[in-house]
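Structure, as structure tokens:
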Amino acid sequence: MAEDQASPSGPDLTQGVALADLAGGWLVGHVGKDEVLLVRTGTELFAVGAHCSHYHGPLADGVVAGETVRCPWYHACFDLRSGEAIRAPALSPVDCWMVEQHNGQIFVRERREQTKPRPAPVTKSVGRIVIVGGGAAGFAAAEMLRRREFGGNIVMLSQDAAPPVDRPNLSKDYLAGAAPEDWLPLRSDAFYAENDIELQLDA
Ligand SMILES: Cc1cc2nc3c(=O)[nH]c(=O)nc-3n(C[C@H](O)[C@H](O)[C@H](O)COP(=O)(O)OP(=O)(O)OC[C@H]3O[C@@H](n4cnc5c(N)ncnc54)[C@H](O)[C@@H]3O)c2cc1C
Ligand code: FES
């Protein structure tokens, strides 16, 4: 779906904003060209990318719950501490920035390195996982197992002729001719080889 490429809005967070401006819990500002969501939960402060990594939904219009933020569009959920995508349909994390507080002013500093997600709670005795289905759910299972360092074999069996695609797009921007065909795959063909996922189509 088409992404909103509006220029960054809100205050320059590198110059600082007053803690009192965060009375509502969060606000959107920018760091260079990046729009950043600054969130206060209890005594903690977090700065993450202001747009969902799925279809660029505005996270500031979503819901902050504990140390997570939910996208208002299709409810992808991100960990505010790590940026990790912890609920579908997002597959990629959002960026995170360092935050400092001095004398009632909050400053957003440099972008943080992406932290690795926790290893999967799968015992080492599991040598192979077979996933039946090559839709969004099957794909997310395979992708998350690898992201969380499952080291065994992953086999995906799909009755489809094509690798996992973004089905909602089929009846929206793609159908309207506004999205090119290469937006449809959830990941490129190379992804499966690079992540050692054996994808069996027409299976
Ligand atoms: C045109 C279209 C538009 C949509 N738009 C939206 C939308 O806007 N918003 C929204 O929330 N949802 C939308 N949906 C629904 C959304 O795409 C589905 O909820 C989602 O795809 C479900 O994912 P899934 O992986 O559970 O199942 P599916 O995507 O249905 O995947 C099932 C997989 O299992 C495989 N399979 C089934 N039986 C077997 C078998 N016996 N052996 C091997 N493989 C098998 C199939 O080949 C397929 O790969 C849309 C769906 C379509 C088709
Ligand atoms: S844009 Fe956020 S869930 Fe799709």
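With the other protein chains left in place, how much accessible area per residue, in square angstrom, belongs to the chain at a 1.4 angstrom probe?
55
Over segment 123-197, what percent of the accessible surface lies on carbon and sulfur atoms, probe 1.4 Å?
Exposed carbon and sulfur together represent 56 percent of the surface.
Report the FRET efficiency, 1/(1 + (r/R0)^6), for Arg187 and Arg148, where r is their Cβ-Cβ distance and R0 is 22 Å, rounded to 0.05.
Efficiency at R0 = 22 Å is approximately 0.85.
Scan segment 1-77 for GluC sites (Glu not before Pro) in coil per DSSP, keeping those whose Cβ has at most 10 other Cβ atoms within 10 Å, and list them by number.
Taking segment 1-77 and a limit of 10 other Cβ atoms within 10 Å, the loop GluC sites (Glu not before Pro) found are Glu3.
Calculate the FRET efficiency for Arg128 and Ala65 from the Cβ-Cβ distance with a Förster distance of 35 Å, rounded to the nearest 0.05.
Approximately 0.45, to the nearest 0.05.
Could you give the length gained on full extension between Arg118 and Glu198, defined as 0.36 nm per residue of separation minus the Cα-Cα distance, in nm?
Extending this stretch completely gives an extra 26.5 nm.
In straight Cα distance, which lysines are under 26 Å from Lys33, not counting same-chain residues fewer than 8 positions off?
Excluding near neighbours in sequence, the set is Lys116.
Could you give the alpha-carbon Rg of segment 53-202 over 2.2 N^0.38 Å, rounded to two decimals?
For segment 53-202, the normalised Cα radius of gyration is 1.21.
No partner Cβ under 4.7 angstrom, meaning no disulfide-compatible partner by this rule: which Cys of the chain qualify?
Isolated Cys, the chain: Cys77, Cys96.
Counting only other residues whose beta carbon sits under 14 Å from that of Arg112, what net charge do I get with K and R as +1, D and E as -1?
Taking every Cβ under 14 Å from that of Arg112, the sum is -3.
Contact order normalised by length for segment 1-119, with contacts defined as Cα pairs under 8 Å and 6 or more residues apart; what percent is it?
21
What is the local net charge at Asp160, summed over the other residues whose Cβ is closer than 11 Å to its Cβ (Lys, Arg +1; Asp, Glu -1)?
With Lys, Arg at +1 and Asp, Glu at -1, the net is 0.
The values are calculated or read from the model by the stated rules, or taken from the named source; none is laboratory data. Note that the structure is a prediction, hence the values are computed from the model and not measured. Neighbour counts are summed over all protein chains in view; Cβ atoms, including those assigned to glycine, are modelled from backbone coordinates with ideal geometry. Just so you know, the surface numbers come from the protein's heavy atoms only, side chains and all, with ligands and any DNA or RNA stripped out. Shrake-Rupley method; radii C 1.70, N 1.55, O 1.52, S 1.80 Å.
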